[in-house]
Amino acid sequence: MSRMVADDELAYVKAGIGADLDTMLVFNLLRTHGRLSPFIDANLRRQNLTASQLNALLLLRTAGADGLLMGEIGRKLVVTKSNVTGLVDRLERQGLVARAQPADRRATRVRLTGAGAKLLRQTAPRHTELLASLTRCLSVREKRTIIRLLTRLRRELRLRGGGSPS
């Protein structure tokens, strides 16, 4: 029965743009992201966070006391300069990060605050539990294979730069 449902979900893609392997792969990646996001978003909303905010906080936690330059945050999160500014503005208003103004105003550093670290300590275990429950249908071996393959694809896309197809 589940195979029939899966085939039915893909029928309109096959009819509309084709059933070649590349199309089906990308469609499935996007479709899976679309199915995961509502679970993740709802869980994070209970903590007054978005997925982007959680990613930024996790990134800043790994940076340690030095924090990161705004540009580094943008590159690592793959977002534009204006998106980083808005993201940091919202986190700063919540008291979760702080900006440090260096002598060179073009290079603003952002650090995780004590409140941000505390929120991560509370949020990360719940988030991890949710992700485990969402991927429970996959074996450890399948998860490792998916991670390896998606990492390879992401690296290839990063080498191409931006959103410009080569």
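The values are calculated or read from the model by the stated rules, or taken from the named source; none is laboratory data. The structure presented is a predicted model; accordingly, all values stated were derived computationally and were not measured. Neighbour counts run over all protein chains shown; Cβ positions are idealised from the backbone, glycine included.
A few remarks follow.
- Residue ID - farthest from the chain's Cα centre (by Cα), chosen from residues in region 80-107 that are surrounded by fewer than 17 Cβ atoms within 10 Å (Cβ to Cβ) and β-branched (Val, Ile, Thr): THR85
- Only a single item in (1) in contact (Cβ under 8 Å) with a residue 60 or more places away in the chain; (2) surrounded by 14 or more Cβ atoms within 10 Å (Cβ to Cβ) is not met by PHE39, and it is number (2).
- Here ALA124 clears all of (1) touching a residue at least 24 places away in the same chain (Cβ under 8 Å); (2) surrounded by 17 or more Cβ atoms within 10 Å (Cβ to Cβ) except the condition numbered (2).
- Taken over region 140-164, the criterion of being surrounded by 10 or more Cβ atoms within 10 Å (Cβ to Cβ) and of a type in the set (Ser, Thr, Tyr) is satisfied by THR145, THR151.
- Of the set (1) at pLDDT 95 or above; (2) farther than 28 Å from GLY161 by Cα; (3) assigned to a helix (DSSP H, G or I), all apply to LEU57 but (2).
- Members of region 62-85 that are on the phi > 0 side of the Ramachandran plot and in a helix (DSSP H, G or I): GLY64
For (1) free of Cβ contacts under 8 Å to residues at least 24 places away in the same chain; (2) hydrophobic (A, V, I, L, M, F, W, C); (3) in contact with a Ser or Thr (Cβ under 8 Å, 6 or more places away or on another chain), each residue gets a yes or a no:
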| site | (1), (2), (3) |
| --- | --- |
| ARG75 | yes, no, no |
| THR80 | yes, no, no |
| ASP89 | yes, no, no |
| ARG93 | yes, no, no |
| LEU119 | no, yes, no |
| ALA132 | yes, yes, no |
| CYS137 | yes, yes, no |
| LYS143 | yes, no, yes |
| ARG148 | yes, no, no |
